1. In percent, how large is the relative contact order of the chain, given Cα pairs closer than 8 Å and 6 or more residues apart?
2. Going by alpha carbons, how many degrees (0 to 90, nearest 10) lie between the helix axis of 52-61 and the longest principal axis of the chain?
3. Ignoring any ligand, DNA or RNA, what whole percent of the accessible area of region 1-117 comes from carbon and sulfur when the probe is 1.4 angstrom?
4. Once amide H atoms are built 1.01 Å from N in the peptide plane, which residues 5 or more positions from Val147, or in another chain, come under 5 Å H to H?
5. Could you state the accessible area per residue of region 73-148 in Å², with a 1.4 Å probe and every protein chain left in place?
6. Using a cut-off of under 14 Å, list every residue of region 46-88 whose amide N is near the label point 7 Å from the Cα of Ala145 along the Cα-to-beta-carbon line.
7. Provide the FRET efficiency to the nearest 0.05 for the Thr80-Glu163 pair, computing r from the beta carbons and using R0 = 41 Å.
8. Starting at the first residue of region 102-118, write each ³J(HN,Hα) from the Karplus equation 6.51 cos²θ - 1.76 cosθ + 1.60 with θ = phi - 60°, in whole Hz, x for Gly and Pro.
Amino acid sequence: MGHRRNIRTKDTLHQAGELLLRLKPHIKAFYPGAEMKKALITEDVVVAQSWNGEAVKARAKNPAVVWSVPQEGGTGWFDTMAIPKDAPHKFTAEVFINYMLRPEVAADNSNTTGYATANQIAVEKYIDPQVASNPAVYPPAEALARVTFLETIPDDLLPLYEEIWTRILGA
């Protein structure tokens, strides 16, 4: 529709919902991650919106699967480890996070999951070269330039998002 990805006007959201309703007859399903991966592997779908790590795992089983950022752009995200301020076992959580951040552990995690690590030492020393050079795991700068990180949806707009999504799923 030509809008920025984080636009939050009710009119634009309604327009987007109407467009998705018109497109719905051409959409096979709204799969969760693991189901999407299976659909890609079996070629039950040939175009999908998928997490990059799931696409990497699907490609390992079906070389026809390719991950890319569309020319129009895509959305970015980060996995995060956090400790709630009232956590009863804060020290244990800190030990676990420190363990996961060790370069060799971060590399093993990336090699196994198909998701990137921000740990540069892990990338340089421990990650399998095929993983480190895989653009689905570590996209090149020109692909990342087309990525927008989604902003938090304001509480007052959440009911509208839920209404639109419910209408789409029910159509």
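The values are calculated or read from the model by the stated rules, or taken from the named source; none is laboratory data. Note that this is a predicted model, so its numbers are computed, not measured. Neighbour counts run over all protein chains shown; Cβ positions are idealised from the backbone, glycine included. Heavy atoms of the whole protein, side chains included, go into the accessibility calculation; ligands, DNA and RNA do not. Shrake-Rupley method; radii C 1.70, N 1.55, O 1.52, S 1.80 Å.
1. 30
2. 80
3. On region 1-117, the fraction of accessible area on carbon and sulfur atoms equals 56 percent.
4. When sequence neighbours closer than 5 places are left aside, the close amide H contacts are Gly74.
5. Per residue, region 73-148 has 69 Å² of solvent-accessible surface.
6. Correct set: 71-73.
7. The formula returns an efficiency of 0.90 here.
8. These are the phi-based 3J(HN,Hα) values: 4, x, 5, 6, 4, 5, 4, 4, 5, 4, 7, 8, x, 10, 6, 10, 7 Hz.
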